[in-house]
Amino acid sequence: MLYNKKHIYLRAPLRISFIGGGTDLESYYSQGNPGHVVSSTTDLYVYVSIKDMFDSNVRVHHAEIETESITSRIKHVYSRVAMEHFGMFKGVEVVITSDVMTSGSGLGASSALMSALLKGCSEIRNEAIKDKYKLAELTYQLESDSGTIGGKQDQYAVVFGGLNSITFDSEKTSVEPVDISDQRLKDFEDRLFLIFTNLARDSRNIQINLSENIGSEQKRIYFDDLLQLSHEFLNILKQENTDIDELGKLLHEGWILKKSTNQQSTNPYIEQLYDILKKKGVLGGKILGAGGGGFLLGFAREPKVKEKIKYELYPNFIALDVKFSFKGTEILWKNF
């Protein structure tokens, strides 16, 4: 690349998947029933800066700083794959920062990172990707090329942003914003919080096991039940006159089913933490993402109960309020 001082700064939101995870795997929805999840993006982000280098080196700042003479030698897989896809082999600098870790959180951070890298690289190369469906599909494709195993929900959630109902089938993926009032949205948000389990995990083996379980007739029943529960959750969320506590109860049912689809999603430590939260006033919740660690989502009986629990957990556990965001992967600034 010729040095022309191009510089772009982007961010992509992290997501919370409430219910339906697992039905977004191709091995599930390709067998007949469309998959479905309800999810929302949050005010937690991955940030990416991409700029021309004055020399021909390639530099990537992540947990470490890599400087190589050519992109193919970069160890950070997502950065390398994104740059190579757009023919950026020399003279590039990438800086990655995040509000939480970029892998193992259960918040879709890896998809957020890849989507921001791809959107930024496409802009630098004058091949801007304007269509969100195209960006989400490319993110999924290149994550797969990078060795990531999983479904499609994260890529679509972070690219589109907002509180959405997402449907998956063999022909296409559809994203529909959930139409609820501001007050209903606030009531829902006020009950939710995130608890870091102090465990980070590699989701690869968990996802492999999950995909294998879809092929089991006995296990597939649990995926079908999760699918049904996701539609029930969506309907109750949209019904303004329905007690919002019902959503917490459905989250609990969904967590029971999730564990039935894949026993690797939990462990005795997580089970103990969840039991403690239930005794303190949490109506329901779940481990986010593939499970095994990362963040746990809690739905409190009342907002004041949530605040009490947060203080009681500290300093052994970090708990964060959930704040929804409604913009997907976006450019914050560029100089061209």
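The C-alpha atoms of the chain define a longest principal axis, and helix 109-124 lies at about 30 degrees to it. If R0 equals 22 Å, the separation of the Cβ atoms of Asn4 and Tyr133 corresponds to a calculated FRET efficiency of about 0.10. For region 51-108, the orientation-averaged shadow of the C-alpha convex hull comes to 4.2 nm² (one quarter of the hull surface). Relative contact order for the chain: 26 percent, from Cα pairs under 8 Å spaced at least 6 residues apart, divided by residue count.
Ligands, DNA and RNA left out, the accessible area of the chain computed with a 1.4 Å probe is 49% carbon and sulfur.
Partner aspartates and glutamates whose Cα lies under 13 Å from the Cα of Lys51, excluding those fewer than 8 positions away in the same chain, are identified as Glu93, Glu123.
Count Lys and Arg as plus one, Asp and Glu as minus one, and take only other residues whose Cβ is under 9 Å from that of Tyr47; the net charge is then 0.
Of all segments of the chain bounded by GluC sites (Glu not before Pro) found in a DSSP loop with no more than 16 other C-beta atoms within 10 Å, the longest spans 241-336. Bridges between two residues of the chain, per DSSP, are antiparallel at a rate of about 95%.
I'd like the orientation of helix 204-214 relative to the chain: the angle between its Cα long axis and the longest Cα principal axis, in ° from 0 to 90, rounded to 10. So the inclination is approximately 50 degrees. Please work out whether region 211-309 counts as rounded, prolate or oblate from its C-alpha gyration tensor, where a ≥ b ≥ c are the square roots of the eigenvalues and a/c under 1.5 means rounded, while otherwise a/b larger than b/c means prolate and anything else oblate? Oblate. Within a straight-line Cα-Cα reach of under 17 Å, Lys219 can be paired with the following aspartates and glutamates, leaving aside sequence neighbours fewer than 8 residues apart in one chain: Asp24, Glu26, Glu253. For Lys280, neighbours were defined as the other residues whose beta-carbon sits under 13 Å from its Cβ, and their charges (Lys and Arg +1, Asp and Glu -1) total +3.
Using only Cα atoms and rounding to the nearest 10 degrees, what angle (0 to 90) does helix 217-238 make with the longest principal axis of the chain? In the chain, helix 217-238 runs at an angle near 90 degrees to the longest axis. Taking one equal scatterer on every alpha-carbon of the chain, how large is log10 of I(q)/I(0) by Debye at q = 0.10, 0.11, 0.13 1/Å? Evaluating at q = 0.10, 0.11, 0.13 Å⁻¹ gives log10 I(q)/I(0) of -0.58, -0.70, -0.95. Counting Lys and Arg as +1 and Asp and Glu as -1 over every other residue whose Cβ lies under 9 Å from the Cβ of Ile331, the net charge comes to +1.
Surface exposure of the chain, expressed per residue as accessible area with a 1.4 Å probe, stands at 43 Å².
Ranking Ser79, Ser105, Ser69 by how far each Cα lies toward the positive end of the dipole of region 63-105 (charges on Cβ) leaves Ser69 at the top.
Stretching Glu68 away from Ser181 to a fully extended chain increases their span by 35.6 nm, per 0.36 nm per residue minus the current alpha-carbon distance. In terms of distances greater than 32 angstrom between alpha carbons, the cross-link table entries Lys75/Lys152; Lys152/Lys308; Lys132/Lys323; Lys259/Lys306; Lys238/Lys306; Lys132/Lys279 yield Lys152/Lys308; Lys132/Lys279. Calculated [222 nm] ellipticity per residue, helices only, for the chain: -12500 deg cm²/dmol; basis is -39500 (n - 2.57) per DSSP H run with n ≥ 4, divided by all residues, nearest 500.
The values are calculated or read from the model by the stated rules, or taken from the named source; none is laboratory data. Quick caveat: nothing in here was measured; it's all calculated off a predicted structure. When we count neighbours, we look across all protein chains shown, and the Cβ atoms used for this are built from the backbone with ideal geometry, even at glycine. Accessible surface is based on the protein model in full, side chains and every heavy atom, while ligands, DNA and RNA are left aside. Shrake-Rupley method; radii C 1.70, N 1.55, O 1.52, S 1.80 Å.
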